[in-house]
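**Student:** I have a structure here, written as structure tokens, and I will follow up with some questions on it.
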Protein chains: 2
Amino acid sequence: MEPFRYHVYLCTQEKPGGKPCCSANGSAAVLDALRAELGKAGLGDEVQVTTSGSLGLCERGPNLVVYPEGIWYSKVSTEDVAEIVREHFLGGKPVTRLQSGDEATLRGEILENKRRYLASLAAQAAGR
Amino acid sequence: MEPFRYHVYLCTQEKPGGKPCCSANGSAAVLDALRAELGKAGLGDEVQVTTSGSLGLCERGPNLVVYPEGIWYSKVSTEDVAEIVREHFLGGKPVTRLQSGDEATLRGEILENKRRYLASLAAQAAGR
């Protein structure tokens, strides 16, 4: 039911206090580069790009997820964007070297970050 | 490669000047209700919830998209959340009455909103 050939969610989460996050790692520049490159490739209406909150892999942003496949990319730089557009969005072949890892690794890392975040909220609420 | 059974992107976009947006239509309350209901159902680690920027259906938010299927839901209220969790995430059956529409309708509406948004940016940049 997805109305686009691909739908990309790019994390632009900001975190306070110098904590690692996609924003501090340059996600805004990656977003600009991605939109520009899609426009050049004539894919502006075929590949939908949506910003997102934290995807839970904060230490290795910028992170993005591509559907319909559910391909997770990490540490994406502006220099990588043309390759993603050419190989994945035009050629249909995900860029293996940028993929975040296998399901179990991703799941473990994301859930661990979530637990740590909830613990910090609880500590704040308790005034510690 | 998605590390979760379901991954939900819920738009929490805010727009200035009283323009229609998911935030003005109560997306924060829907987010809270969704997280609470998933916890109650024991699905906190199985259904990942990520906030997102505009999905392009601003007139009928709160909007959310559920993967792996790519099911778009619109006008979701806190009262609808338990049904989505029970029917879709536990039962595997999307809630038809909340689905946003067919692909062509969604695509047309999203691209029209995008064109309008880009035109307003261009007008701002031109000082009109």
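**Student:** Between A:R116 and B:R86, what is the label-to-label distance in nm when each label sits 7 Å out along the Cα-to-Cβ direction?
**Tutor:** 3.8 nm
**Student:** Taking K and R as +1 and D and E as -1, what net charge do the other residues with C-beta under 15 Å from the C-beta of A:L98 add up to?
**Tutor:** Once positives and negatives cancel, what remains is -2.
**Student:** Quick one: helix B:27-40 against the long Cα principal axis of chain B, what's the angle to the nearest 10°, folded into 0 to 90?
**Tutor:** Around 10 degrees separate the two axes.
**Student:** Right, something else. Would you mind ranking A:K75, B:K93 so that the residue whose beta carbon has the fewest other beta carbons within 10 Å leads the list?
**Tutor:** Ordered from fewest to most neighbouring Cβ atoms within 10 Å, A:K75, B:K93 come out as B:K93, A:K75.
**Student:** While we're on this one: Out of the DSSP beta bridges found with both residues in the range A:1-101, what percent are antiparallel (nearest 5)?
**Tutor:** Given both bridge residues lie in the range A:1-101, the antiparallel proportion sits at roughly 55 percent.
**Student:** Pull the list of chain B cysteines that no other Cys approaches to under 4.7 Å, Cβ to Cβ.
**Tutor:** Cysteines lacking a close Cβ partner in chain B: B:C21, B:C58.
**Student:** For the cross-link pairs B:K19/B:K75; A:K15/A:K114; A:K19/B:K114, which exceed 21 Å when the distance is taken from alpha carbon to alpha carbon?
**Tutor:** Listed pairs above 21 Å: A:K19/B:K114.
**Student:** Calculate the mean, over all residues of peptide B:99-106, of how many other protein chain Cβ atoms lie within 10 angstrom of the residue's Cβ.
**Tutor:** Partner-chain Cβ atoms within 10 Å, mean over residues of B:99-106: 2.
**Student:** Oh, and also: Would you mind checking the tilt of helix A:103-125 against the longest principal axis of the Cα atoms of chain A, expressed as 0 to 90 degrees and rounded to 10?
**Tutor:** So the helix axis and the longest Cα principal axis differ by about 40 degrees.
**Student:** How far is it, in nm, from the label point at A:Q99 to the one at B:E59 when both lie 7 Å from their Cα along the line to the Cβ?
**Tutor:** Simple spin-label model gives 4.1 nm for this pair.
Values in this text are rule-based calculations from the coordinates and carry no lab data. Keep in mind that this is a model prediction, so the values were computed, not measured. Quick reminder, even Gly has a Cβ in these numbers, built from the backbone with ideal geometry, and neighbours come from all protein chains shown.
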